[in-house]
Amino acid sequence: MKRIIVDAYAKINLSLDVLRRREDGYHEVEMIMQQVDLKDIITIKEIEKGIIIESNKKEVPTDSSNLVYKAWDIICKKFNIDRGVYININKNIPIAAGLAGGSSDAAALLKGLNKLWNLGLTKNELMELGVNIGADVPFCIMGGTALAQGIGEKLTRLNNFSNIYILLATPDIQVSTAYVYKNLNLKEISVRPDTHKLIEYMEDNDIDSVAKKMVNVLENVTIKKYPIIQEIKKDMINGGALGSLMSGSGPTVFGIYNNEKLLKETERKLKKRLSKVYSVKTI
Ligand SMILES: C[C@@](CO)(OP(=O)(O)O)[C@H](O)COP(=O)(O)OP(=O)(O)OC[C@H]1O[C@@H](n2ccc(N)nc2=O)[C@H](O)[C@@H]1O
Ligand SMILES: Nc1ncnc2c1ncn2[C@@H]1O[C@H](COP(=O)(O)OP(=O)(O)O)[C@@H](O)[C@H]1O
């Protein structure tokens, strides 16, 4: 029986600006998105009917609320397919953590089904389908490094920013993206990222300036509720990170390092308090 295995990588936001609230409640954003090499592994097999979702982590939903279910459903409806799938999600990315784990799993499923059923969809077509599942799904299909605009679906590929040392630390809380956007007061934002300057620093491979100028306007909301995020940022800077920021709507904090030894030392210290700490690299 044919079996497809797809890697689903996590993302971090090197900057995140919110420009305005749209009529439909969504927000127009400007973000620099970067994949890192922490990944879930998605295995897909065809079965006769329906969908079976399994995972190594009991916190992963196995019903229709799983984003991979939505990906399967969209493909079946579009192509009038009445075949089923078995999906195994080997989950390594922390859940509801600002790392787009669910979106990346859904992106992997769209790519996997395209292959399994020889649908011939291009990357752009997959990305267009993906936005119906979530704002971060098109980026997860594109991968690498990108500027995201619109609600996150308008993507411009940026130069490679690979092989940079990143430390991720996720406190034991789950943050709802909808809650954070809803509680953001646009008038209260005092510091915004200079996204285009950041892109120039990235093009010059000036990692120090990138790290020092990163801004995520959603920190205002999430840190107010969970001050531990600020403490972890401080720990990373004290541990030698060039800069540290919350990813997405949080609560994951990442630090950029230019020195693997300092990163490993901070990792060891943070692991005494937190169970989810990962040393990764940008892709
Ligand atoms: C904040 C970010 C940054 O990359 O990531 P996460 O923290 O979720 O990883 C994204 O903007 C999240 O994208 P994603 O998680 O795919 O969002 P969706 O599932 O489409 O939407 C969840 C909810 O967030 C709000 N939302 C999302 C995106 C956006 N541009 N404006 C919004 O207001 C909406 O209330 C929506 O109901
Ligand atoms: N495949 C999946 N993996 C993880 N969470 C999922 C998945 N499908 C649906 N979810 C749900 O989506 C929500 C957000 O999960 P996730 O994508 O990990 O976070 P974030 O949007 O912060 O990056 C969680 O509450 C979780 O229950």
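For the reader, a short list of remarks on this structure follows.
- Residue match in region 153-170 (condition: open to solvent by less than 30 Å² (accessible area, probe 1.4 Å), aromatic (F, W, Y) and modelled with pLDDT of 95 or more): yes
- R20 satisfies every condition listed in (1) charged (D, E, K, R); (2) away from ligand 1 (no atom under 11 Å from the Cβ); (3) surrounded by fewer than 14 Cβ atoms within 10 Å (Cβ to Cβ) except (2).
- Selected residue (criterion: farthest from A211 (Cα to Cα)) from residues of region 250-265 that are among the polar types (S, T, N, Q) and either outside the structural domain of V217 (by TED's automatic domain parsing) or open to solvent by 10 Å² or more (accessible area, probe 1.4 Å) (or both): N259
- Extreme residue, nearest to ligand 2 (Cβ to nearest atom), among residues of region 72-90 that are within 16 Å of K39 (Cβ to Cβ) and crowded, with 21+ Cβ neighbours inside 10 Å: I89
- The lone exception for A135 - which of (1) within 16 Å of ligand 1 (Cβ to nearest atom); (2) of a type in the set (A, V, I, L, M, F, W, C); (3) outside any helix (DSSP H, G or I); (4) over 30 Å from K224 (Cα atoms) it fails: (4)
Residue-by-condition table, conditions (1) assigned to a helix (DSSP H, G or I); (2) open to solvent by 20 Å² or more (accessible area, probe 1.4 Å); (3) under 14 Å from L19 (Cα atoms):
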| residue | (1), (2), (3) |
| --- | --- |
| Q174 | no, yes, no |
| Y181 | yes, yes, yes |
| V191 | no, yes, yes |
| N205 | no, yes, no |
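- Of the residues making up region 193-202, those that are over 21 Å from the mean Cα position of the chain (by Cα) and open to solvent by less than 20 Å² (accessible area, probe 1.4 Å) number 0.
- Scanning region 33-71 for residues being within 13 Å of ligand 2 (Cβ to nearest atom) and assigned to a loop (DSSP other than H, G, I, E, B) gives a total of 11.
- Note on region 23-47: residues that are closer than 18 Å to N216 by Cα and near ligand 1 (Cβ under 8 Å from one of its atoms) total 6.
- Residue match in region 183-202 (condition: of a type outside the set (V, I, T) and within 16 Å of ligand 2 (Cβ to nearest atom)): yes
- On the stretch given as region 72-129, residues that are out of contact with any Pro (no Cβ under 8 Å at 6 or more places or on another chain) and assigned to a loop (DSSP other than H, G, I, E, B) total 18.
The values are calculated or read from the model by the stated rules, or taken from the named source; none is laboratory data. The shown structure was predicted, so the numbers you read here are calculated from the model rather than taken from an experiment. Every residue, glycine as well, gets a Cβ built from its backbone with ideal geometry; the counts of neighbours run over all protein chains shown. Ligands, DNA and RNA are stripped out before the accessible areas are found, and what is left, the full protein with its side chains, is counted by its heavy atoms. Shrake-Rupley method; radii C 1.70, N 1.55, O 1.52, S 1.80 Å.
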